[in-house]
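Here's the structure, in structure tokens; my notes come after.
Just so it is clear, none of the values below were taken in a lab; they were calculated from the coordinates. Worth saying up front: this structure is predicted, and the values here are computed from it rather than measured.
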Amino acid sequence: MPQTHSAAPAPRFVPDAKPLPEQIAEAIGSRSTPLSQLLRLMAALEAEGGDAVLRLQLRARIGAPLDA
């Protein structure tokens, strides 16, 4: 069956590209970061046993209204 459109692959969490705190800081600062990426970063932070401050900032960003 032919595809009607082609879509670029979604950006993924790449652990070796940048340190996790830097990835989180960039994601928090960008209003265009998809919720799915924020949730992947949260999962990575939880798996790493991460920083409580980063966790709170990420949770606040996940729950922030889109127009904030």
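Starting from the Kirkwood Rh over alpha-carbon pairs, what translational D in µm² s⁻¹ does the stretch 20-68 have by Stokes-Einstein at 4 °C and 1.567 mPa s?
122 µm²/s
How much length would be gained if the chain were fully extended between residue 30 and residue 18, taking 0.36 nm per residue of separation minus their Cα-Cα distance, in nm to one decimal?
2.7 nm
Using θ = phi - 60° and the Karplus curve 6.51 cos²θ - 1.76 cosθ + 1.60, what whole-Hz ³J(HN,Hα) does each residue of the stretch 43-55 get, with Gly and Pro shown as x?
5, 5, 5, 5, 5, 7, x, x, 5, 5, 5, 4, 4
Pop out the ³J(HN,Hα) list for the stretch 22-36 in order, Karplus 6.51 cos²θ - 1.76 cosθ + 1.60 with θ = phi - 60°, rounded to Hz; leave Gly and Pro as x.
5, 4, 5, 4, 5, 5, 5, x, 9, 6, 9, 5, x, 4, 4
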